[in-house]
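Here, each number is a calculation from the coordinates, and none is a lab measurement. Since the model is a prediction, treat every value here as computed from it, not as a measurement. So basically every Cβ, Gly included, is an ideal-geometry build from the backbone, and we count neighbours across all protein chains shown.
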Amino acid sequence: MFKRVLLKLSGEFLANENGFGINPETTAQLARRIITALEGSDVELAVVIGGGNLWRGARNGQGMDPATADYIGMLGTVMNAMALQDAMERCGKPTRVMTAIQMAAVAEPYIRRRAIRHLEKGRVVILGGGNGAPFFTTDTTSTLRALEIGADVVLMAKNAVDGVYDSDPRKNPDAKFIEQATHLEVVERRLEVMDATALTLCMDKNLPIVVFDLFQDGNLERLFRGERVGTLIQS
């Protein structure tokens, strides 16, 4: 069973039906799903959330300085973190938003030992602002933060995809589900799990990854109980 986990969420999980913006009801449903899974569990939870529902540097930042476009994306992740915090605290779950880019009026600065202390006190720590530097994805941020706080696993949440396949199951009905693989196999087969930088770091540090469907009822609860769900990637 996992004691401390890092949950990687897509910003689109908070979005409207068109995949853009922040929908308060959608965000509230996500918050309730996470809180329900935590009930009766001793798991300490940190969350990294992307910003693709608000900004994608490669698409929205065309014609801009790439670093500037990435910084705008980092600010988008803070907006999402604040929205998720609001939804979770409306349900009575104490949280802390911590950011790599300092903005003291709305969030705490990310300090590793302080983040661990919040986790030990039962607070959900929502990590925004990426890792504070451009040219890195939230996948890499998830890996870095998981290693820093001593997480047992990175849980890569997906929507309507129950794990890793040898090809895109939405395009290929004959795609084969992969229940377990090593980091190296994922790299060599170019399976779309996370970006190469993040995946290589997980492999170097022997950090397991679980890819699963967050919106399949009971999946997150089962993971918190130590049951097998989705695809497990480990050395």
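Points worth noting:
- Residue among GLN62, GLN180, GLN29 with the largest mean-square fluctuation in a Gaussian network model of the chain, springs linking Cα atoms under 10 Å: GLN62
- Whole-angstrom gap from region 90-127 to region 1-45, using each part's C-alpha centre: 15 Å
- Here each label is just a point 7 Å from Cα along the line to Cβ, and for MET64 and ILE111 those points are 3.1 nm apart.
- Among the listed pairs LYS3/LYS158; LYS8/LYS205; LYS121/LYS158; LYS3/LYS121; LYS93/LYS205, those beyond 24 Å (Cα-Cα): LYS121/LYS158; LYS93/LYS205
- Assigned charges on the beta-carbon of Lys, Arg, Asp, Glu; region 4-233 dipole about Cα centre (debye): 560 debye
- Cβ-to-Cβ counts within 10 Å put THR137, THR231 in ascending order as THR137, THR231, the fewest first.
- Taking the Kirkwood radius as Rh and the Cα radius of gyration as Rg, the chain has a ratio of Rg/Rh equal to 0.94.
- Amide H contacts under 5 Å for PHE2, placed H, 5+ residues apart: GLY226
- Ranking of ARG170, ARG222 by neighbouring Cβ atoms within 10 Å, starting from the fewest: ARG170, ARG222.
- Relative contact order of the chain, taken over Cα pairs closer than 8 Å and 6 or more residues apart, is 22 percent.
- A simple charge model with +1 on the Cβ of Lys and Arg, -1 on the Cβ of Asp and Glu and nothing else charged puts the dipole of region 184-235 at about 140 debye relative to its Cα centre.
- Annotation: the residues CYS202, CYS91, sorted from fewest to most other C-beta atoms within 10 Å of their own C-beta, follow the order CYS91, CYS202.
- Between the residues GLN180, VAL97, MET203, the greatest Cα displacement towards the positive end of the dipole of the chain, with unit charges on the Cβ of Lys, Arg, Asp and Glu, is found for VAL97.
- Neighbourhood charge, 13 Å Cβ-Cβ cut-off, centred on MET156 and excluding it, Lys, Arg +1 and Asp, Glu -1: -3
- By DSSP, the beta bridges lying fully in the chain are antiparallel in about 15 percent of cases.
- In the elastic network of the chain, a GNM with C-alpha springs shorter than 10 Å, the most mobile of LEU127, LEU45, LEU30 is LEU30.
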